[in-house]
Amino acid sequence: METIREKIAYLRGVIDGDPTLAEGRNGFLFGKVLQILEDIAYELDDLAQAQDELDEYLEEVDFDLAYLEDELLLDDDDFDEHDHDDWDDSLVEVECPVCDDIVTFDEEFLFDEGVQIRCPRCDAVVFETADFEELDDLFVEDAVEDSDED
């Protein structure tokens with residue numbers, strides 16, 4: 001397979017071998033075009049070398065990541081699903097009243113105070129505790145109380 005540089009050298013030989021192509025404006029133009037092509041070929045060689053270095057580096061990072069995964073993460077054999085059945089039980093799914101999207105949140109929020117959960121899709125309220133107060137309302141109430149004290 002011919003390389004780009006070999007193809008450029010062949011074109012240079014064709015131009016140099018034909019005196020009608022090497023003379024005058026055509027010769028000047030062909031010379032400049034060949035010079036640009038040679039510059040591009042050098043740049044491509046540099047890019048190919050940089051790409052090879054990146055590929056080697058990526059392989060090393062991939063190897064290191066695989067090692068860390070083996071060391072830190074549980075293997076499928078080590079994972080006992082029976083020990084973790086309660087993971088799914090601690091989640092609550094609620095259907096959004098506006099967009100009918102399913103919103104999933106931790107069951108713990110059902111028992112907390114001052115909680116409001118909104119749909120991430122349409123921003124509608126899907127769950128709110130009875131004692132929830134909007135921050136804007138709190139700031140307005142504080143401002144009214146402060147002005148009453150003056």
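The values are calculated or read from the model by the stated rules, or taken from the named source; none is laboratory data. The shown structure was predicted, so the numbers you read here are calculated from the model rather than taken from an experiment. Cβ placement follows ideal geometry from the backbone for every residue including glycine, while neighbour counts extend to all protein chains displayed.
Counting only helices (runs of 4 or more DSSP H) wholly contained in the stretch 1-88, the ones carrying 2 or more residues that are of a type in the set (S, T, N, Q) and modelled with pLDDT of 90 or more occupy 24-72.
Scanning the stretch 108-119 for residues that are surrounded by 13 or more Cβ atoms within 10 Å (Cβ to Cβ) and either assigned to a loop (DSSP other than H, G, I, E, B) or touching a residue at least 24 places away in the same chain (Cβ under 8 Å) (or both) yields VAL115, CYS119.
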